[in-house]
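Structure, as structure tokens:
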Amino acid sequence: MNKKQVYHRILEIAREIAREKKGALFVIGPEKKIKGTYDLHYSNVLENHSVSEKGMVAVIKALATLDGATFVTEDGKVLCFGARIRKSKTVLG
């Protein structure tokens, strides 16, 4: 998957979650920049899985509503879910 497709897929998942009146936090970025910026609340059962895999939309949708953030790389690799963000910067805009 390319970057645009990943963003589109995650946005679709976020919309479905919102329609159910639930919330989720997704962090999407280059793996080098986001790796190490979080602590796990749960064991990482999604290691080496991609948002493009069959059935992963439903899995990500369910896990994303747990407490914490879901981290996804720009190429679609799911790094973790239910994570606490350790380090962040304010983005002016």
Karplus (6.51, -1.76, 1.60) ³J(HN,Hα), θ = phi - 60°, over segment 16-24, in Hz, Gly and Pro reported as x: 4, 5, 5, 4, 8, 6, 10, x, 7
Long-range tail of P(r) for the chain (Cα pairs > 21 Å, %): 26
Choice from 69, 14, 58 with maximal GNM fluctuation in the chain (Cα, 10 Å cutoff): 58
Potential extension, residue 67-residue 4 segment - 0.36 nm per residue separation minus Cα distance: 20.0 nm
Share antiparallel - DSSP beta bridges, the chain, percent rounded to 5: 60
Estimated [θ] at 222 nm from DSSP helical runs (n ≥ 4, -39500 (n - 2.57)) normalised by residues in the chain, nearest 500: -9500 deg cm²/dmol
Rel. contact order, % - alpha carbon contacts under 8 angstrom, at least six apart, the chain: 37
Unsatisfied cross-links (Cα-Cα over 23 Å) in the set 35/89; 21/61; 33/54; 4/77: 33/54
Backbone HN-Hα couplings from phi across segment 73-82 [Karplus 6.51/-1.76/1.60, Hz, Gly and Pro as x]: 7, 5, 9, x, 6, 7, 7, 6, 9, x
Accessible surface, per residue, of the chain when the full set of protein chains is kept, probe 1.4 Å, Å²: 66
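The values are calculated or read from the model by the stated rules, or taken from the named source; none is laboratory data. Just so we're clear, the structure is a prediction, and the values are computed from it rather than from any experiment. Ligands, DNA and RNA are stripped out before the accessible areas are found, and what is left, the full protein with its side chains, is counted by its heavy atoms. Shrake-Rupley method; radii C 1.70, N 1.55, O 1.52, S 1.80 Å.
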